[in-house]
Amino acid sequence: MKIVLAYSGGLDTSVALKWLQEKYDAEVITYTADIGQGIDLEKIREKALKSGAKEAIVEDVREEFIKDYVFPALKAGALYEGKYPLATALGRPLIAKKIVEIAKKKKAEAVAHGCTGKGNDQVRFELTFMALAPGLKVIAPAREWEFRSREEEIEYAREKGIEVEATRESPYSIDRNLWGVSIECGILEDPEKEPPEDAYQITSPPEKSPSPTYVEIEFRKGIPVAIDSKKLDPVKIVEKLNQIGGKYGIGRIDMVEDRVVGIKSREIYEAPAAVILHTCRDALESLVLDKESRLFRTLISQKYAELTYYGWWFSPLKEALDAFIDKLLENLTGKTRVKLWGGKAEVVSRTSPYSLYKEDLATYSEKDIFDHKASEGFIKLWGLPLKVRGEIQPPQ
């Protein structure tokens, strides 16, 4: 049997590699995607081979991740439960898609992942496998094996000669990519406790941020293309804003969210670039969309975020929402200037060639061209249902 395993090089997937070989008498091919988690790809590849992998494939897919997954979600304004920019959720369908491609190329009978039975990622991986390769067998070792604790996994690893990292483990479970960092476990599992400073990985304390600075972001059809008038590729834009925003403590998110499997989970996120770009995107949208389109867009954004979080990235509905968003936001072009300070990203200016804002209608100065007399008739018609109800059913 030949199996393609999603491999991070951590304890779970390292143990899974050897366990799959023994349990299924399998040849295991590992796949590791670089989506900006700051990993040493060559070290990961060497570890997989030393642990018994038949072949270890590593790949830099950062550009594809940002261009084809992150930016479409940004354009849609997708934030799960109004806060989470979906960093981990956006990375999983890309990794799963790559695994399917390798499985088909290598003629593997099965694919595998190291996710636990109570997490979201198992759903995201397996729904992608089902959508793109419904005939592939899916194996989830962490849902099947006999190990009941991390200590038992470590003991197994040592028995099998699997390299184990330093024994002093971080109290946190951390998942990182270019779009953000997800942090859980340890003291964070108590929602009454304030996150300790050592939980944060890429942001400085907001109260210790430098003097305020300003950054200008340029968008074209809802996609960021330049910072301070300098054109940059998608990866560079995100990297630069993470670096700048991180110094100002921007992008710290503390929330209790509803997982796919039905439990509530306290999560800490760091997403400087995501918070800055979502803030700027919303400000630009306020200029170019009419009221009803904007109100309806919020409903679409919520559903888009849910589909992404729930693992339905490769679904007909998500594909249709992409088409809708592309049409609705074809004029989302312009520039926003944002002030960064003390953990905040505040938009101070916005401009677009498609702006619907007209100063001579909004002003209270002598430039005002608004027909104030027209408001009387408008109010009579707008409030007519209330007037009729008041006449028939007077307030008690």
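A short reminder: the numbers here are calculations on the coordinates, not readings from a lab. Since the structure is predicted, the reported quantities are computational estimates derived from the model, not experimental observations. In this analysis, Cβ positions are derived from the backbone assuming ideal geometry, glycine residues included, and neighbour counts consider all displayed protein chains.
Couple of notes before you dig in:
- Label reach from Leu356 (point 7 Å along Cα→C-beta): in segment 285-304, amide nitrogens under 16 Å belong to 285-300.
- Three-way shape label, segment 2-159, alpha-carbon gyration tensor, a/c 1.5: prolate
- 0 to 90° range, to nearest 10: angle between helix 234-247 axis and the chain longest Cα axis: 80 degrees
- Three-way shape call for segment 174-312 based on the alpha-carbon gyration tensor, with the a/c threshold at 1.5: oblate
- Normalised by 2.2 N^0.38 Å, where N is the number of residues, the C-alpha radius of gyration of segment 12-103 stands at 1.27.
- Trypsin sites (Lys or Arg not before Pro) restricted to segment 194-267 and DSSP loop, no more than 15 other C-beta within 10 Å: Lys221, Arg259
- Between helix 150-159 and the chain: long-axis angle, C-alpha atoms, 0 to 90°, nearest 10: 40 degrees
- Those trypsin sites (Lys or Arg not before Pro) in segment 94-127 that DSSP places in a loop and that have at most 16 other beta carbons within 10 Å: Lys107, Lys118
- Sites Glu216 and Val388, calculated FRET efficiency, Cβ-Cβ separation with R0 56 Å, nearest 0.05: 0.65
- Our note on the geometry: Cα centres of segment 110-180 and segment 306-342, 30 Å apart.
- Packing-based ranking, highest mean first, of 359-368, 288-297 given that Cβ atoms within 10 Å are counted: 288-297, 359-368
- For Lys230 and Leu317, the FRET efficiency from 1/(1 + (r/R0)^6), where r spans their Cβ atoms and R0 equals 45 Å, is about 0.75.
- Taking 0.36 nm per residue of separation and subtracting the Cα-Cα distance, full extension of the segment from Glu330 to Thr363 would add 9.1 nm.
- Highest to lowest packing among 71-78, 389-396, 311-318, 181-188, scored as the average C-beta count within 10 Å: 71-78, 181-188, 311-318, 389-396
- Across the alpha-carbon atoms of segment 67-221, the computed radius of gyration and Dmax are 19.5, 57 angstrom.
- Helix-only mean residue ellipticity at 222 nm for the chain, each DSSP H run of n ≥ 4 adding -39500 (n - 2.57), per residue, nearest 500: -12500 deg cm²/dmol
- Each listed q (0.12, 0.16, 0.25 Å⁻¹) maps to a log10 I(q)/I(0) for segment 208-280, found by the Debye formula over equal Cα scatterers with no solvent: -0.42, -0.65, -1.10.
- In degrees, nearest ten, helix 316-328 long axis to first principal axis of the chain (Cα): 40 degrees
- Dipole magnitude of the chain, debye to nearest 20 (Cβ charges: Lys/Arg +1, Asp/Glu -1, about Cα centre): 960 debye
- Remark: the Cα gyration tensor places the chain in the prolate category, a/c being 1.5 or greater and a/b exceeding b/c.
- Part-to-part distance (alpha-carbon centres) for segment 217-294 and segment 38-104, which is given in Å: 19 Å
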